[in-house]
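Here is the structure we will look at.
Please treat every number below as a calculation from the coordinates, not as lab data. Keep in mind that what you see is a predicted model, and the values were worked out from it rather than measured. Cβ coordinates were reconstructed from backbone atoms using ideal geometry, including for glycine residues, and neighbour counts include every protein chain displayed.
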Amino acid sequence: MLLARRSPEHSPRPEGSLRLSKFHAPEIVFGPESLPEAAHAAVRLGARRPFVVTDPGVMEAGWPVELLAWLRDAGLDPQVWLDLTPNPKDHEIEAGYRRYADAGCDVVLGIGGGSVIDAAKGVALLAANGGRILDYEGIDRIEHPIPPLIMMPTTSGTGADVSQFCIVTDTERHTKITIMGRALVPDVSVVDPRLLVTMPEWLNAATGLDALTHGIEAFVSLAHGPLTDHHALQAISLVNGNLAETMLRPRNADARSLMAQAALEAGLAFTNAILGATHAMSHQVGGMLDLPHGVVNGVLLPHVIRFNGADGPERFVPIAQAMGLDVARVPAEEAVHMVAEAVRELGDEVGVPKGLSALGVMAEDIPRLAQLTLGDACLTTNPRGASVEDIDALFRAAM
């Protein structure tokens with residue numbers, strides 16, 4: 001969401017008035033059996049030797065094999081790279097780029113979860129701009145246009161297939177960096193809900209809570225607007241109504257489709273409204289301990305909700321309503337606590353630990369985590385300003 005610049009002579013706009021905004025989104029193909037559309041898109045984007053990024057787990061599930069068959073049927077010569085781990089590392093992405101260059105590839109396809117899609121974006125970024133991936137930390141530091149990107153998510157939560165973010169683990173500093181820019185929005189996102197059924201249970205829970213966090217943080221973000229609000233509230237409602245069902249009945253096609261839609265809508269919301277303190281903090285924990293991002297979000301989110309809601313509770317009333325909570329006769333401050341409790345209850349239902357200590361975070365880690373959080377781009381759009389002392393206190397409350 002790009003806010004309009006105002007010249008000094010203009011008086012401030014009344015609260016609630018519309019602002020100039022820009023909404024980033026790829027071409028989206030959504031629905032069961034849509035995977036073959038990725039091959040058609042690759043041909044349309046000029047591919048001859050597409051570079052297919054995936055990981056060993058997704059390869060074992062069989063989806064890349066199906067994709068490769070469609071690509072070959074379209075007359076293409078796909079090259080596969082799967083040498084990456086969860087929370088993609090800087091050196092892994094750089095090795096992927098060397099493989100891309102050596103094979104003479106052109107269009108980049110990612111089939112997998114957020115880690116795979118982030119790695120695919122990183123490879124494409126380096127293919128056009130060179131250097132090291134860590135050189136691009138921050139906002140709009142990508143100078144040259146990158147190769148076309150086609151993404152096929154196999155999880156329901158990261159939103160990486162529609163976002164302008166690329167999250168990379170800095171292995172020297174043991175933290176995650178955020179690369180952000182319009183160039184990273186994929187050209188095409190192919191969302192085939194069939195691909196979600198092979199997720200392990202823990203990953204389903206983690207990515208679902210990630211989507212919920214995206215929706216809530218995008219809705220209260222300083223950069224929110226009417227276009228992002230709609231998608232954020234829809235995502236919140238869909239996750240709240242369907243995540244637990246997909247845990248109980250993994251092959252429920254209707255629930256899977258609705259969770260795929262939730263992830264998509266949450267992605268459209270946060271890539272334009274950006275995020276907040278939950279993600280800024282989670283990036284540091286995940287980078288330090290190589291933990292599942294969505295699980296860390298699930299632990300932190302209730303605490304951040306209470307922190308933000310203490311300063312501006314009104315925005316949490318529509319969130320409570322989207323979660324099906326009856327807040328018609330309660331003050332906004334109470335709605336904040338009801339949302340935080342509902343998030344924690346959903347976390348309990350899908351098996352997320354109650355505290356960071358259960359994930360291996362120790363009290364002595366907190367000062368460093370808090371300091372690193374202050375430099376994360378996601379903190380800039382958090383609705384309430386946060387000092388290092390505030391972040392430190394939030395981490396300690398979440399232990």
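Between the amide H of V80 and those of V52, distances stay under 5 Å, these residues lying 5 or more places away or on another chain, with hydrogens modeled in the peptide plane. Could you tell me whether the range 191-262 comes out rounded, prolate or oblate from its Cα gyration tensor? Rule is a ≥ b ≥ c as square roots of the eigenvalues, rounded for a/c under 1.5, then prolate if a/b exceeds b/c, otherwise oblate. It is prolate, given that a/c is not under 1.5 and a/b is the larger ratio.
How far, in nm, would the chain grow between N252 and I28 when pulled straight, counting 0.36 nm per residue and subtracting the alpha carbon separation? Mind dumping the intermediate values first?
Numbers: separation 224, 0.36 × 224 = 80.64 nm, distance 2.29 nm.
Extra length available between N252 and I28 comes to 78.4 nm.
Of the GluC sites (Glu not before Pro) in the range 61-169, the ones in a loop by DSSP (not H, G, I, E or B) with at most 14 other beta carbons within 10 Å are E143.
Contact order for the chain, expressed relative to its length and based on alpha carbon pairs under 8 Å spaced 6+ residues apart, stands at 16 percent.
Partner lysines whose Cα lies under 28 Å from the Cα of K121, excluding those fewer than 8 positions away in the same chain, are identified as K22, K89, K176.
Find how much the distance from D390 to R368 grows on full extension, using 0.36 nm per residue of separation minus their present alpha carbon separation; answer in nm with one decimal. Net length gain for the segment: 6.6 nm. Neighbours of S237 by Cβ distance under 13 Å: Lys/Arg scored +1, Asp/Glu scored -1, total -2.
So if R0 is 45 Å, what FRET efficiency would R329 and T85 give, r being the distance between their Cβ atoms, rounded to the nearest 0.05? Could you put the intermediate results ahead of the total?
Working: r = 50 Å, r/R0 = 1.11.
For R0 = 45 Å, the calculated efficiency reads 0.35.
Temperature 37 °C, viscosity 0.692 mPa s: under these conditions the Stokes-Einstein estimate for the chain, based on its Kirkwood radius over C-alpha pairs, is 156 µm² per second. Taking the empirical scaling 2.2 N^0.38 Å for compact globular proteins as reference, the range 230-304 has a Cα radius of gyration ratio of 1.19. Based on the alpha-carbon gyration tensor of the range 172-331 and its eigenvalue square roots a ≥ b ≥ c, which shape applies: rounded if a/c is under 1.5, prolate if not and a/b is larger than b/c, or oblate? Since a/c stays below 1.5, the shape of the range 172-331 is classed as rounded.
What stretch of the chain, leaving out the sites themselves, is the longest with no trypsin sites (Lys or Arg not before Pro) in a DSSP loop having at most 16 other Cβ atoms within 10 Å? Present the calculation step by step, with values, prior to reporting the outcome.
Values: sites that count: R5, R6, R19, K22, R48, R132, R141, R173, R251, R329, K354, R384.
The longest such stretch corresponds to 49-131.
Who wins for biggest fluctuation among P36, P302, P148 in a Gaussian network model of the chain, springs between alpha carbons below 10 Å? Evaluated over the chain, the most mobile residue of the options is P36.
Just add up the charged neighbours of A263: K/R +1, D/E -1, any other residue whose Cβ is under 9 Å from the Cβ of A263.
Details: positive: none; negative: D161, D210, E265.
Computed value for this residue: -3.
Assuming R0 = 30 Å, can you tell me the calculated FRET efficiency for the pair S357 and T198, based on Cβ-Cβ distance, to the nearest 0.05?
Details: r = 31 Å, r/R0 = 1.05.
So the FRET efficiency works out to roughly 0.45.
GNM on the chain, C-alpha springs below 10 Å: top fluctuator among H144, H231, H214? Maximum among the listed residues: H144.
In this simple spin-label model, placing a label point 7 Å from the Cα along the Cα-to-Cβ direction at both R44 and M59 gives a separation of 3.0 nm. Between A332, A358, A386, the GNM of the chain built on Cα springs shorter than 10 angstrom shows A358 fluctuating the most.
For R48, the residues whose amide H sits under 5 Å from its own are D106, V107, ignoring neighbours fewer than 5 places away on the same chain, with H placed 1.01 Å from N.
The value for the range 272-312 of Rg(Cα) / (2.2 N^0.38 Å) is 1.20.
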